[in-house]
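Here's the structure, in structure tokens; my notes come after.
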């Protein structure tokens with residue numbers, strides 16, 4: 001009956017047993033999200049003016065920072081408790097959305113409120129996901 005023993009579910013991406021091995025999606029998702037965020041930030045910062053080298057550099061910088069943080073959260077997040085893991089994603093999403101909104105030259109208060117609501121929504125959704133899929 002040893003063949004009927006339950007096995008633990010393996011998670012995709014980073015595993016403690018294979019420290020150096022990451023799947024392609026572990027690199028592709030952060031890069032794709034960083035590309036979208038960088039283009040969006042550069043588009044907002046351009047403010048209907050012509051595209052110049054400063055806008056391109058700004059988009060690349062914002063996208064690279066965003067992708068690095070998403071990659072870091074994907075690597076470190078599974079080691080955290082579900083509350084801290086969800087809070088980390090919520091805080092990051094709130095900061096990212098608030099920063100994008102601040103580029104539109106609206107008030108700081110409005111950008112803060114937008115970031116707060118986005119962060120609460122993402123944190124709540126992440127907590128629900130981690131809570132319901134706990135092994």
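So the values come out like this:
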{"item": "Segment 57-80 - residue that is exposed (fewer than 14 other Cβ atoms within 10 Å of the Cβ) and over 11 Å from the mean Cα position of the chain (by Cα) and, of those, farthest from residue 32 (Cα to Cα)", "result": "79"}
{"item": "Residues within segment 44-56 that are surrounded by fewer than 15 Cβ atoms within 10 Å (Cβ to Cβ) and either in contact (Cβ under 8 Å) with a residue 60 or more places away in the chain or assigned to a helix (DSSP H, G or I) (or both), tallied", "result": "3"}
{"item": "Selected residue (only one of 55, 105 is at negative phi and modelled with pLDDT under 90)", "result": "55"}
{"item": "Yes/no for residue 109 being part of a helix (DSSP H, G or I), outside the structural domain of residue 30 (by TED's automatic domain parsing) and in contact with a helix residue (DSSP H, G or I) (Cβ under 7 Å, 6 or more places away or on another chain)", "result": "no"}
{"item": "Test: residue in segment 85-94 that is modelled with pLDDT under 95 and either more than 24 Å from residue 28 (Cα to Cα) or loosely packed, with under 14 Cβ neighbours inside 10 Å (or both)", "result": "no"}
{"item": "Sole residue being within 18 Å of residue 123 (Cα to Cα), assigned by TED's automatic domain parsing to the domain that holds residue 117 and free of Cβ contacts under 8 Å to residues at least 12 places away in the same chain, chosen from 84, 88", "result": "84"}
{"item": "Odd one out for residue 50, checked against (1) more than 22 Å from residue 111 (Cα to Cα); (2) touching a helix residue (DSSP H, G or I) at 6+ places or on another chain (Cβ under 8 Å)", "result": "(2)"}
{"item": "Selected residue [touching a helix residue (DSSP H, G or I) at 6+ places or on another chain (Cβ under 7 Å), at pLDDT below 90 and within 26 Å of residue 130 (Cβ to Cβ)] from 24, 11", "result": "11"}
{"item": "Filtered residues of segment 104-135 (kept if touching a residue at least 40 places away in the same chain (Cβ under 8 Å), crowded, with 19+ Cβ neighbours inside 10 Å and under 22 Å from residue 44 (Cα atoms))", "result": "none"}
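The values are calculated or read from the model by the stated rules, or taken from the named source; none is laboratory data. Since this is a predicted model, take the numbers as computed values, not measurements. Counting neighbours? That spans all protein chains shown, and the Cβs are built from the backbone with ideal geometry, glycine included.
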